[in-house]
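Enquirer: Quick one: structure below, then a few questions.
The values are calculated or read from the model by the stated rules, or taken from the named source; none is laboratory data. Small disclaimer: the values here were computed from a predicted structure and weren't measured. Methodologically, a virtual Cβ is constructed for each residue, glycine included, from the backbone with ideal geometry; neighbour enumeration extends over all protein chains shown. Please note that ligands, DNA and RNA were not included when accessible areas were found on the heavy atoms of the full protein model with its side chains. Shrake-Rupley method; radii C 1.70, N 1.55, O 1.52, S 1.80 Å.
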Amino acid sequence: MGLLGIGKKPKVAADVRSIARKVQKLLSSTELVKRNNIDVRVEFIRDPEGFLQKLFAAYAIKRFKATFTGPNPVDADELFQKPMSYYCQQLEAEQGSVTVAGESLNENSVAAVAKSTAATANDATAVIQNSRGERPVSISFKGDAKKVIVEHDTEKEDVLRTIQNTYREVRQ
């Protein structure tokens, strides 16, 4: 598993997306990557927590949309990300999305796909109805990076363990 934790450094970049772009550019410029024609993709892990809370609190989930990209076998779930990543690869596409709709989608299945989508650095949106008769609203975790808070003097091994555990929580 390739997992990178980045400490907040406003002098390096103002936001997570900018830092990810800089790390991607740095890795892409290495001789090994160039020589082997490797496509480097650095994305931040989405934080699905608020999204999942809203899903489980909703009266009904009316629509769900998840994005996918090419293969990411470590993170991919069997139901959605693996087959969609393969599909994307076979079409030589960079990304895709799937939208499903119904009167009341299965919240556990939607949540499982949402977690896998977050773990693979993709986006998800849903249209939920918070209570019977209420107008449906859209929710998303697009753009929300998962954050880990550690004290400045924490040992490096403990920081790494915290980052790995946080990632597993997103995934599972």
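Enquirer: How large is the accessible surface of residue 100 in square angstrom, using a 1.4 angstrom probe and rounding to the nearest 10?
Expert: Surface open to solvent at residue 100 totals about 60 Å².
Enquirer: Here's a follow-up. How much mean residue ellipticity at 222 nm does the chain get from its helices, if each DSSP H run of length 4 or more adds -39500 (n - 2.57) and you divide by all residues, to the nearest 500 deg cm²/dmol?
Expert: On the way: 6 runs with 66 residues, N = 172.
Mean residue ellipticity, 222 nm, calculated: -11500 deg cm²/dmol.
Enquirer: Just flag the trypsin sites (Lys or Arg not before Pro) in the range 66-172 sitting in loop per DSSP whose Cβ has no more than 13 other Cβ atoms within 10 Å. All intermediate terms of the calculation are to be shown ahead of the outcome.
Expert: Working: sites: 115, 132, 142, 146, 147, 156, 161, 168, 171; in loops: 132, 142, 146, 147.
Taking the range 66-172 and a limit of 13 other Cβ atoms within 10 Å, the loop trypsin sites (Lys or Arg not before Pro) found are 132, 142, 147.
Enquirer: Calculate, in nm to one decimal, what residue 40 and residue 18 gain on full extension: separation in residues at 0.36 nm each, minus their alpha carbon distance.
Expert: On the way: separation 22, 0.36 × 22 = 7.92 nm, distance 1.53 nm.
Stretched fully, the residue 40-residue 18 segment lengthens by 6.4 nm.
Enquirer: Related question: Within the range 1-129, count lysine pairs with alpha carbon atoms under 25 angstrom apart where the residues are 8 or more positions apart or belong to different chains.
Expert: The number of close lysine pairs in the range 1-129 is 17.
Enquirer: So I have (1) 39, 16, 14; (2) 30, 21, 14; (3) 25, 19, 18, and one of them is semi-axes √(5λ) of the Cα gyration tensor in Å calculated from this model. Which one is it?
Expert: (2)
Enquirer: When only the heavy atoms of the protein chains count and the probe is 1.4 Å, how do 4, 105 rank by accessible area, highest first?
Expert: Values: 4 110, 105 35 Å².
These residues rank, largest area first, as 4, 105.
Enquirer: Of the GluC sites (Glu not before Pro) in the range 83-172, which ones lie in a loop per DSSP and count no more than 15 other C-beta atoms within 10 Å? Write down the numbers at each step before the final one.
Expert: Working: sites: 92, 94, 103, 107, 134, 151, 155, 157, 169; in loops: 92, 94, 103, 134, 151, 155.
Taking the range 83-172 and a limit of 15 other Cβ atoms within 10 Å, the loop GluC sites (Glu not before Pro) found are 92, 94, 103, 134, 151, 155.
Enquirer: Set the Förster radius R0 to 22 Å, insert the Cβ-Cβ distance between residue 92 and residue 112 as r into 1/(1 + (r/R0)^6), and round the FRET efficiency to 0.05.
Expert: On the way: r = 28 Å, r/R0 = 1.27.
About 0.20, to the nearest 0.05.
Enquirer: Residue by residue through the range 17-26, what is 3J(HN,Hα) from phi via Karplus (6.51 cos²θ - 1.76 cosθ + 1.60, θ = phi - 60°)? Round to whole Hz and write x for glycine and proline.
Expert: Couplings: 4, 5, 5, 4, 4, 5, 5, 4, 4, 4 Hz.
Enquirer: Charges at C-beta only: +1 for Lys and Arg, -1 for Asp and Glu. How large is the resulting dipole of the chain about its Cα centre, in Debye rounded to 20?
Expert: Details: 26 positive and 22 negative charges, 101 e Å.
With Lys and Arg at +1 and Asp and Glu at -1, about 480 debye.
Enquirer: While we're here: R0 = 22 Å: FRET efficiency of residue 147 with residue 11, Cβ-based, nearest 0.05?
Expert: On the way: r = 19 Å, r/R0 = 0.85.
According to the calculation, E is roughly 0.70.
Enquirer: Between residue 101 and residue 137, what length comes free when the chain is fully extended (0.36 nm per residue of separation minus the Cα-Cα distance, one decimal in nm)?
Expert: On the way: separation 36, 0.36 × 36 = 12.96 nm, distance 1.38 nm.
Using 0.36 nm per residue and subtracting the Cα-Cα distance, I get 11.6 nm.
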